[in-house]
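The structure appears below as structure tokens.
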Amino acid sequence: MTFVAAKCFGESIVIASDTMISRPAGASHDMLPGRLKIVIVSSKVTIAFAGLINQSIDAIREVRRLILTGGLLSGVEEILRRATERYASYGVGLEFIVASHVDGVALKRIWEGTISANLHGTCIGDRALQARLLEEEARVPIPIVPSRFEDESRFARAFMQLFDGIYVSGQVGGFAVIANCCPRGHCYGYHTGVMAWDSLRRAGF
């Protein structure tokens, strides 16, 4: 399980995810370093995924090849749609979020062979955490000095606050990764954060 959330702020889109690899039948030592679940495939297209990791990455690689050969955004969405349809019977399946600035601003969710309409905000993975994220976003203090990126910052900070050891579930964790997508280009945020719940032991140096 994972949790990925995305939200539009005018022409900008912010995507946030965890990095945890879940192993329901065994130990969760793969929580760190985990896996990057937001993939910037070009300067105008970013894809986030939840569910079967290797199968998701295979679909994203196919998307990357299409983009490099000049493929259309509709082709990108169709590759991901077919992948979610193919693995829907696995129970876990695949889900994707696609943020693009190819033909204007577009934010879509793709799951179980379905492509959504353009969305203002969405999430995949542990969708129960969306309500908690909205609560955290409402609690983030308004800065004294206003900024044109204030709303984007509040959303990103709220997501990172889910990793304070109180809210994140046993199947969501690791690092909080943020991607900022705008018409000028898509990039990863300049910082991340992590919370460890176990006792820490000082290294011998």
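Cβ-Cβ below 6 Å, separation at least six or inter-chain, first residue in segment 114-134 and without any contact (Cβ under 8 Å) to a residue 12 or more places away in the chain, second among the small types (Gly, Ala, Ser) and open to solvent by 60 Å² or more (accessible area, probe 1.4 Å): which pairs?
Pairs found: none.
For segment 162-205, which positions are open to solvent by 30 Å² or more (accessible area, probe 1.4 Å), at pLDDT 85 or above and not basic (Lys, Arg)?
180, 183, 187, 188
Would you confirm whether any residue within segment 70-84 is under 16 Å from the mean Cα position of the chain (by Cα), closer than 20 Å to residue 179 by Cβ and among the charged types (D, E, K, R)? Lay out the reasoning, then the answer.
Step one: of segment 70-84, the residues under 16 Å from the mean Cα position of the chain (by Cα) are 80.
If we keep only those that are closer than 20 Å to residue 179 by Cβ as well, we get 80.
Restricting the remaining residues to those that are among the charged types (D, E, K, R) gives none.
No, because not a single residue in segment 70-84 is under 16 Å from the mean Cα position of the chain (by Cα), closer than 20 Å to residue 179 by Cβ and among the charged types (D, E, K, R).
For segment 43-56, give me each residue that is touching a residue at least 12 places away in the same chain (Cβ under 8 Å) and not basic (Lys, Arg).
Our first condition is that a residue be touching a residue at least 12 places away in the same chain (Cβ under 8 Å); within segment 43-56, this holds for 43-53, 55-56.
Once the filter is applied, which keeps residues that are touching a residue at least 12 places away in the same chain (Cβ under 8 Å) and not basic (Lys, Arg), segment 43-56 yields 43, 45, 46, 47, 48, 49, 50, 51, 52, 53, 55, 56.
Within segment 66-111, can you find the residues that are touching a helix residue (DSSP H, G or I) at 6+ places or on another chain (Cβ under 7 Å), within 17 Å of residue 40 (Cα to Cα) and in contact (Cβ under 8 Å) with a residue 40 or more places away in the chain?
Correct list: 95, 96, 98, 100, 102.
Output the strands (runs of 3 or more DSSP E) that fall wholly within segment 1-114 and possess 2 or more residues being of a type in the set (D, E, K, R), modelled with pLDDT of 95 or more and open to solvent by less than 70 Å² (accessible area, probe 1.4 Å), or say none.
Values: elements: 3-9, 12-17, 38-40, 45-51, 94-100, 106-111.
Filter on segment 1-114 gives 106-111.
The values are calculated or read from the model by the stated rules, or taken from the named source; none is laboratory data. Just so it is clear, the structure is predicted and the values come from calculations on it, not from any experiment. Don't worry about glycine lacking a Cβ; one is built from the backbone with ideal geometry, like all the others, and counts go over all protein chains shown. For accessibility, only protein heavy atoms count, side chains too; no ligands or nucleic acids. Shrake-Rupley method; radii C 1.70, N 1.55, O 1.52, S 1.80 Å.
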